[in-house]
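Data first, discussion second: the structure below is written as C-alpha cells.
Just so it is clear, none of the values below were taken in a lab; they were calculated from the coordinates. If you're wondering where the values come from, they're calculated on a predicted model, not measured in any experiment. Neighbour counts are summed over all protein chains in view; Cβ atoms, including those assigned to glycine, are modelled from backbone coordinates with ideal geometry.
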Amino acid sequence: MDKEISPQSKRLKVFIDTTGMSLTEFGKQCKIPSTSSIHNVVALGKTPSTKLLDKIITRFPQLNHDWVLLGYGEMIVQGMKKQPANAISVTKSRDASYENIQQFLENHDYSLNELANKVQKAMFQAQKTYQKVNNRLDNFEDRLLMLEENQNNIASSVYTRLDGLWDKHKTKIDADIAGLVAFMTKLKQEMKETSDNNTQKAINFLINIKEGTDKKAEQVLGEFKKHTNPKHQE
C-alpha cells in the first residue's frame, strides 16, 4: 500500500513548481539548513512544520499560509482579498511582506552606499586623470613654445648667415665684374691700337709700292725716251 501524501505537501509542491526551482535551490532560498526537511515534505508527502512553513513564507510572502495548510482561498495572498481569511494567515503574510521589504530596503541602502563609494572613487580617479592630462597639456604647450622659440632662433641664425654669405659673395661678384669690365676695356683698347697700327702699316706699304712704282716708271720712261729720241742716238 502506497504511503499517504498529505494535502499540504501536494499544495506546497504546486507552489514550488511555479518557481521553477529545484528542491535544493528552493531550500537554499528559504534558508532551510537541511535539504532533507524540504525533501521529506515534497517527495515523501509529509506535512510541513510551522517552522518550515514560516521560513518559506518569509522568503515568499505572496504564498497564502491558509492555502498551504487548509486549502482555503488562493495560493497567492493577493487573491485573498475576494475571500475571507483568518487573522493568523493574514498576519503571517503581512509580517513576511514587511520583513521582505525591510530586507529589500537594507539591501537597497547597502547598494546605494556601494554605488556612492564607487561614484566617489570614479570622481577621484577622474580628477586625477584630468590633472594628469592637464599637466601633460601644459608640458606639451611649454614644449611647443620652446620649439617655436628654437625655430625662431634657428631661422634668425640662418638669415644672418645668408646675409653674411650674400654680402661676401656680392663683394666678390662686384670685384669680378669690375675686373671683367676693365679687362674688356683694355682688350678693346689693345685691339683698337693693333687695328690702327695695322692700318698704318698697310698705308705705308701702299705708299712704298706707289713710290717704287713711280720710280720704276720713270726709269722705264727714261730708257724709252733715250732710245726713241734722235738726239740721244747721235
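Sum up the charges of everything whose Cβ sits under 14 Å from the Cβ of Gln29, counting Lys and Arg as +1 and Asp and Glu as -1, but leave Gln29 out.
Overall, the nearby charge balance is +3.
Work out how much length Thr50 to Phe205 would gain on full extension: take 0.36 nm times their residue separation and subtract the Cα-Cα distance, in nm to one decimal.
Full extension from Thr50 to Phe205 adds 39.4 nm.
For Lys225, give me every one of the aspartates and glutamates with a C-alpha distance below 19 angstrom, ignoring sequence neighbours fewer than eight places off in its own chain.
Asp214, Glu234
Search the structure for amide H atoms under 5 Å from the amide H of Leu63, placed 1.01 Å from N in the peptide plane, and list their residues when 5 or more places away or on another chain.
Result for Leu63 returns Val77.
Modelling each spin label as a point 7 Å along the Cα-to-Cβ direction, I'd like the Glu4/Asp196 distance in nm, to one decimal.
Simple spin-label model gives 16.6 nm for this pair.
Lys168 versus Gln62, label points 7 Å from Cα toward the beta carbon: distance in nm?
Result: 9.8 nm between the two label points.
Considering the alpha-carbon set of the stretch 1-85 alone, what are its Rg and its Dmax in angstrom?
Cα-based Rg and Dmax for the stretch 1-85 come out at 12.5, 41 Å.
Using a Cα-Cα cut-off of under 16 Å, which aspartates and glutamates could be cross-linked to Lys188, ignoring same-chain neighbours fewer than 8 residues away?
Asp196
Can you tell me the FRET efficiency between Tyr72 and Glu106 if r is taken as the Cβ-Cβ distance and R0 is 25 Å, rounded to the nearest 0.05?
With R0 = 25 Å, the Cβ-Cβ based efficiency is 0.15.
Could you work out how far apart the two model spin labels at Ala178 and Asn150 are, taking each label as a point 7 Å from the Cα in the direction of the beta carbon, and quote it in nm?
It is 4.4 nm.
If R0 is 45 Å, what FRET efficiency do you get for Gln131 and Gln29 from their C-beta distance, rounded to 0.05?
E between Gln131 and Gln29, to the nearest 0.05, is 0.40.
Work out the length of the dipole vector of the stretch 1-43 about its Cα centre, built from +1 on the beta-carbon of each Lys and Arg and -1 on the beta-carbon of each Asp and Glu, and round it to the nearest 20 debye.
120 debye
Quick one: Val14, Val68, fewest Cβ neighbours within 10 Å first, how do they rank?
Placing the least packed residue first, the sequence is Val14, Val68.
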